[in-house]
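Structure record follows, encoded as structure tokens.
No value in this document is a laboratory result; all are computed from the given coordinates. Note that the coordinates shown come from a computational prediction; the quantities given were computed from them, not determined experimentally. Cβ atoms come from the backbone with ideal geometry, glycine included; neighbour counts cover every protein chain shown.
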Amino acid sequence: MNLITWNIQSCRGCDGRVDPKRIVDVCRGMANVDVLCLQEVARNYPDLPGSSGEDQFALLGGLLPGFTAVEGIAVDVLGDQGRRRQFGNLILTRYPVMQAFRHVLPWPADPAVPSMQRIALEVVLAAPFGPVRVTTTHLEYYSEMQRRQQVNRLRELHAEASGHRGDGKHARKEGGPFETLPRPASAILTADFNFRADDPLHARITFPYSDGTPAYRDAWQVRHGGRPHDHTLGVYDREQWPQAYACDFIFVTEDLAGRVEEVAVNLDTDASDHQPVLLRLKD
């Protein structure tokens, strides 16, 4: 299973050019990708630098025939001529999508800084080794208070989902919305978390649960031990980010840690201000 997570900055590279095809080409060059978790995908935002207001959700999905596209719209506002302006996350996968969930994350008022609504997009995939939950999100950048509450909510959502692993079948409900579908405890969490590896919020993600919920582990640390995480932001774009650092991580539940074969940051591309991160799991 090859999974790539990437904050694509509305498909805008360090050359200022918006190019969805370049994004897909980079991912294809990294691996025979099975799952793409993308953040900062835009629809009808012509005022974004380099954009003409193109529907990036549709364009990216169209470049991967045979993949299922699941949208996670965080910002949904009225645009010009009555069209919606939408911004958020996108999961593209060749695996069957058994269920999809869109979790609006906490957004308490913090008037001192700009901020936006955030969403966690969760899918249950029929992976080769069995059902697995994949969640991707993009946490608040400017407000530490909002980001902290969003991390706590991610932990709550993981515990809630894990609690459904033992849901029983109810024959009389099959075929309707009450039908019981797999929602396993096994999970992968990816994001532009907007915190660094030494931030207490990173440790909060991996803090053990007391109710039997499997804890998350940083896949980079599983694979590379104490080696510092390769930078994922500001490698090429020094105008926005004078100092490079890592803020794009992949977490896996304890039961998946033994399947982690590779975690690698693509340090060669400047197709976004962030670098894509690859996770490879053994079947």
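Just one of (1) of a type outside the set (F, W, Y); (2) out of contact with any helix residue (DSSP H, G or I) (no Cβ under 9 Å at 6 or more places or on another chain); (3) without any contact (Cβ under 8 Å) to a residue 12 or more places away in the chain fails for R227. It is (2).
Checked against (1) of a type in the set (A, V, I, L, M); (2) part of a helix (DSSP H, G or I); (3) surrounded by fewer than 23 Cβ atoms within 10 Å (Cβ to Cβ); (4) in contact (Cβ under 8 Å) with a residue 24 or more places away in the chain, L64 meets all criteria but (2). Taking (1) under 23 Å from K282 (Cβ atoms); (2) hydroxyl-bearing (S, T, Y); (3) out of contact with any Gly (no Cβ under 9 Å at 6 or more places or on another chain) in turn, S115 satisfies each apart from (1). Within the span defined as segment 86-93, every residue fails to be surrounded by fewer than 18 Cβ atoms within 10 Å (Cβ to Cβ), closer than 29 Å to F195 by Cβ and touching a residue at least 12 places away in the same chain (Cβ under 8 Å).
Looking only at residues of segment 163-199 that are part of a helix (DSSP H, G or I) and surrounded by 11 or more Cβ atoms within 10 Å (Cβ to Cβ), we find that the one that is farthest from the chain's Cα centre (by Cα) is K173. Residues that are farther than 21 Å from H103 by Cα and either β-branched (V, I, T) or touching a Gly at 6+ places or on another chain (Cβ under 6 Å) (or both) do occur in segment 48-68.
Quick check: anything in segment 219-230 out of contact with any Asp or Glu (no Cβ under 6 Å at 6 or more places or on another chain), in a loop (DSSP other than H, G, I, E, B) and either within 22 Å of G88 (Cα to Cα) or polar (S, T, N, Q) (or both)? No, every residue in segment 219-230 fails to be out of contact with any Asp or Glu (no Cβ under 6 Å at 6 or more places or on another chain), in a loop (DSSP other than H, G, I, E, B) and either within 22 Å of G88 (Cα to Cα) or polar (S, T, N, Q) (or both).
Looking for something closer than 24 Å to M116 by Cα and either among the hydrophobic types (A, V, I, L, M, F, W, C) or crowded, with 18+ Cβ neighbours inside 10 Å (or both) - is there at least one such residue anywhere in segment 252-261? So far as segment 252-261 goes, no, none of its residues is closer than 24 Å to M116 by Cα and either among the hydrophobic types (A, V, I, L, M, F, W, C) or crowded, with 18+ Cβ neighbours inside 10 Å (or both).
As for segment 128-143, it holds no residue that is part of a strand (DSSP E or B) and either touching a Gly at 6+ places or on another chain (Cβ under 6 Å) or more than 21 Å from V33 (Cβ to Cβ) (or both). One residue alone among Q117, Q149 is surrounded by fewer than 23 Cβ atoms within 10 Å (Cβ to Cβ), part of a helix (DSSP H, G or I) and of a type in the set (S, T, N, Q), and that residue is Q149.
Hey, among the residues in segment 18-54 that are among the acidic types (D, E), surrounded by fewer than 19 Cβ atoms within 10 Å (Cβ to Cβ) and not in a helix (DSSP H, G or I), which one's farthest from the chain's Cα centre (by Cα)? Per the stated criteria, the residue is D47. For residues in segment 220-236 being surrounded by fewer than 18 Cβ atoms within 10 Å (Cβ to Cβ) and over 26 Å from R133 (Cα atoms), which is nearest to the chain's Cα centre (by Cα)? Taking the candidates together, the pick is P228.
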